[in-house]
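Written out below as structure tokens is the structure these notes cover.
The values are calculated or read from the model by the stated rules, or taken from the named source; none is laboratory data. The shown structure was predicted, so the numbers you read here are calculated from the model rather than taken from an experiment. Because the Cβ atoms are built from the backbone with ideal geometry, glycine has one as well, and the counts that use them run over all protein chains shown. To get the accessible areas, we keep the full protein, side chains included, count just its heavy atoms, and leave off ligands, DNA and RNA. Shrake-Rupley method; radii C 1.70, N 1.55, O 1.52, S 1.80 Å.
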Amino acid sequence: MNRAVFVAASFLIATPALAHHGWGGQEEQVTALTGTVVQGVNMSGPHATMKIKVDNDVWDLTLAPPARAARAGLKTGLIPVGATVTVRGNRNLDHSRHEMKTIYIRQGVNEYHVYPDRE
Amino acid sequence: MDLPHVLRWLEQSPLGVFTRGLGVWSYGIINLAHILGIVMLFGSILLLDLRLLGVWRSIPLAALSRPTTTLAMAGFLVAAVSGVPMLAVKAGDYAGNPFLFIKFPAIALALVNVWLVHRSPAWQAHAMRELAPPERHRLALGASLSLVFWLTAITAGRMIGYW
């Protein structure tokens, strides 16, 4: 009985970390993209976001939760619309959705390591 | 106006702009309020519905009905007031989210059920006298529907973030 409660409790504690901010819908492999910013960093929740245009496709970049994105050095208005950026991340398994969970952003000499442990 | 338009309007509304400007912890805090509201709402509802379904018969229904309905109403208000800015932050992003189409109709059905239960003769009599079996069955039916609708709303609400 006690063991069952312990096992159940561990799952309850472990699941949020695995599930939300889940990368389950993303590819294993890391993809790099270079494009132009069409919408700068939006630091509101649940995840910071950004949009870039690569060739003729607009990509939705999903960043970390706002506080983590801020710790990586990102701020609203820091990367202007029109700037060229290179990003790395795991793109959505569904290739019809141009969406990427973004690990790293570089604009010129500025680098933002959003998920350094995933690089 | 269709739903994507409404959502984009909400995102660009003063509420959306205001919420986005509140700082990096604001979403987490609003989300916390939403969860606490749901805890108050569903915790109370679960107690009352189980009692209406025949659990804990030794507790008089009238003793349970007042605190649970009061807390549930307060919880609903907290959840609703915190829910709107959570949606407004990036409302446009949720335009294609199918769980929205499950959650909000489920809430509407749950509220209609609340209204129907509260205007039923059985509910109106429960504080005054012992209920007859058909009246208890009426309230048990309301309790079953309540659990189905609220659990559907909460499940769909939780799944919005995983779509």
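Odds and ends about this structure:
- For segment B:41-75, a tally of residues being open to solvent by 60 Å² or more (accessible area, probe 1.4 Å) and either within 12 Å of the chain's Cα centre (by Cα) or closer than 16 Å to B:Val148 by Cα (or both) returns 5.
- Consider segment A:22-64 and keep the residues that are modelled with pLDDT of 90 or more and among the small types (Gly, Ala, Ser). The one that is nearest to A:Asp117 (Cα to Cα) is A:Ala64.
- Just one of the listed residues (B:Gly16, B:Gly37, B:Gly28) is touching a Gly at 6+ places or on another chain (Cβ under 9 Å), small (Gly, Ala, Ser), within 14 Å of chain A (Cβ to nearest Cβ) and not in a loop (DSSP other than H, G, I, E, B), and it is B:Gly28.
- Taking first residues from segment A:61-83 that are within 15 Å of A:Arg106 (Cα to Cα) and partners that are in a loop (DSSP other than H, G, I, E, B) and hydroxyl-bearing (Ser, Thr, Tyr), no Cβ contact under 6 Å between residues at least 6 apart in sequence or on separate chains turns up.
- Residue match in segment B:79-93 (condition: within 14 Å of chain A (Cβ to nearest Cβ), closer than 20 Å to B:Tyr162 by Cα, open to solvent by less than 40 Å² (accessible area, probe 1.4 Å) and not in a helix (DSSP H, G or I)): yes
- Residue in segment B:120-132 that is open to solvent by 50 Å² or more (accessible area, probe 1.4 Å), within 14 Å of chain A (Cβ to nearest Cβ) and not in a helix (DSSP H, G or I) present: no
Here is a yes/no grid of residues against (1) in contact with a Pro (Cβ under 8 Å, 6 or more places away or on another chain); (2) touching a residue at least 24 places away in the same chain (Cβ under 8 Å):
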residue	(1), (2)
B:Leu3	no, yes
B:Leu10	no, yes
B:Trp25	yes, no
B:Gly28	yes, no
B:Leu41	no, yes
B:Leu48	no, yes
B:Trp56	no, no
B:Ile59	no, no
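- Residue within segment A:74-89 that is within 12 Å of chain B (Cβ to nearest Cβ) and either open to solvent by 70 Å² or more (accessible area, probe 1.4 Å) or of a type in the set (Asp, Glu) (or both) present: yes
- When segment A:25-53 is limited to residues that are farther than 22 Å from B:Gly16 by Cβ, in contact (Cβ under 8 Å) with a residue 40 or more places away in the chain and of a type in the set (Val, Ile, Thr), the one that is farthest from the other protein chains (Cβ to nearest Cβ) turns out to be A:Thr34.
- Checked against (1) open to solvent by 40 Å² or more (accessible area, probe 1.4 Å); (2) over 26 Å from B:Val24 (Cα atoms), B:Lys103 meets all criteria but (1).
- Strands (runs of 3 or more DSSP E) completely within segment A:13-119 that count 1 or more residues being closer than 25 Å to B:Val24 by Cβ and of a type in the set (Ser, Thr, Tyr): A:49-54, A:57-62, A:84-91, A:99-107, A:110-113
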